[in-house]
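A short worksheet on the structure shown next.
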Amino acid sequence: MWQVFRKKAWVAWRVAGGAGMAGLLLAASSAWAGRQLEEPLADSVRTALSAAVGRSEPRLVFADAGQKRQCEQWAQALEAKLLKRKPDELVRREFLLTVCYEARRAGLEPSLVMGLIQVESGFRKYAISSVGARGYMQVMPFWSRLIGNGDPASLFHMQTNLRFGCVILRHYLDIERGNLFMALGRYNGSRGKATYPDMVTAAWRQWRVAEPTQVAQGAAPTQP
């Protein structure tokens, strides 16, 4: 699955191309949150997503020191880029470590998640869209009812929001059989339209660095 995802992601970026991306990134700086659609979930899917999210407030629990060190190295490589958006060093470092942890836990590239956050919320923790999407990854409140603890206010908790967003994007990638273009469209509620996927893949390129090769505890290993 991860190999398919990487292939489709690269195709999406090639289709988007480098030309004109500066304009898209400028538009992304003001956020581009859409309406994730509430779709019927089979009981087995709901159970799996609920288990992936968990009922209690999530914590960073790396499987071993090696995995933690890899995410620390990734975070360190991006700290300077995030400085203007998050000037507090401790907040910035915690955020980057958590993005790496939750992305890898869901089998996603951390830099892809950074690109999505840039487009969705402009890295604003308490962002609320016109349709009610919340937090960094602009998660719609219905998800807390479907697979969470039923409290939409929990979506303003940093790691909870990142976990929901990563689990949801992974779910959409699975539905779309690894097609990043279509999965991003589902995430934004604009499936089949190019504007949002193009913006996210462009932002993703901004944040790409050498990715850690292992994943946080509980995730399936990724393929090189």
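General observations
- Residue list for the stretch 107-157, filter: farther than 16 Å from residue 54 by Cβ, in a loop (DSSP other than H, G, I, E, B) and of a type in the set (Asp, Glu): 109
- Hey, residue 144 farther than 27 Å from residue 195 by Cβ and free of Cβ contacts under 8 Å to residues at least 40 places away in the same chain or not: yes
- Any hit, the stretch 35-50, residues being closer than 25 Å to residue 138 by Cβ, open to solvent by less than 50 Å² (accessible area, probe 1.4 Å), part of a helix (DSSP H, G or I) and without any contact (Cβ under 8 Å) to a residue 60 or more places away in the chain: no
- Selection status of residue 103, buried (at least 24 other Cβ atoms within 10 Å of the Cβ) and at pLDDT below 95: no
A quick yes/no check of all residues on (1) modelled with pLDDT of 80 or more; (2) of a type in the set (S, T, N, Q); (3) surrounded by fewer than 17 Cβ atoms within 10 Å (Cβ to Cβ); (4) part of a loop (DSSP other than H, G, I, E, B):
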position: 8; (1), (2), (3), (4): no, no, no, no
position: 57; (1), (2), (3), (4): yes, no, yes, yes
position: 60; (1), (2), (3), (4): yes, no, yes, yes
position: 70; (1), (2), (3), (4): yes, yes, no, no
position: 99; (1), (2), (3), (4): yes, no, no, no
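- Scanning the stretch 185-213 for residues that are within 27 Å of residue 67 (Cα to Cα) and assigned to a helix (DSSP H, G or I), we see that the one that is most open to solvent (accessible area, probe 1.4 Å) is 205.
- Subset of the stretch 152-178 that is within 22 Å of residue 44 (Cα to Cα) and over 14 Å from the mean Cα position of the chain (by Cα) - its residue that is surrounded by the fewest Cβ atoms within 10 Å (Cβ to Cβ): 177
- Restricting the stretch 125-141 to residues that are on the phi > 0 side of the Ramachandran plot and in contact (Cβ under 8 Å) with a residue 24 or more places away in the chain, the residue that is surrounded by the fewest Cβ atoms within 10 Å (Cβ to Cβ) is 135.
- Taking each residue of the stretch 179-200 that is closer than 18 Å to residue 133 by Cα and without any contact (Cβ under 8 Å) to a residue 60 or more places away in the chain and looking for partners that are surrounded by fewer than 24 Cβ atoms within 10 Å (Cβ to Cβ) and among the charged types (D, E, K, R) with beta-carbon atoms closer than 6 Å, six or more apart or interchain, yields 183/176; 185/191.
The values are calculated or read from the model by the stated rules, or taken from the named source; none is laboratory data. From a predicted model like this one, the values you see are computed outputs, not experimental measurements. Ideal geometry is used to build each Cβ from the backbone, glycine not excepted, and the neighbour counts take in all protein chains shown. Accessible surface is based on the protein model in full, side chains and every heavy atom, while ligands, DNA and RNA are left aside. Shrake-Rupley method; radii C 1.70, N 1.55, O 1.52, S 1.80 Å.
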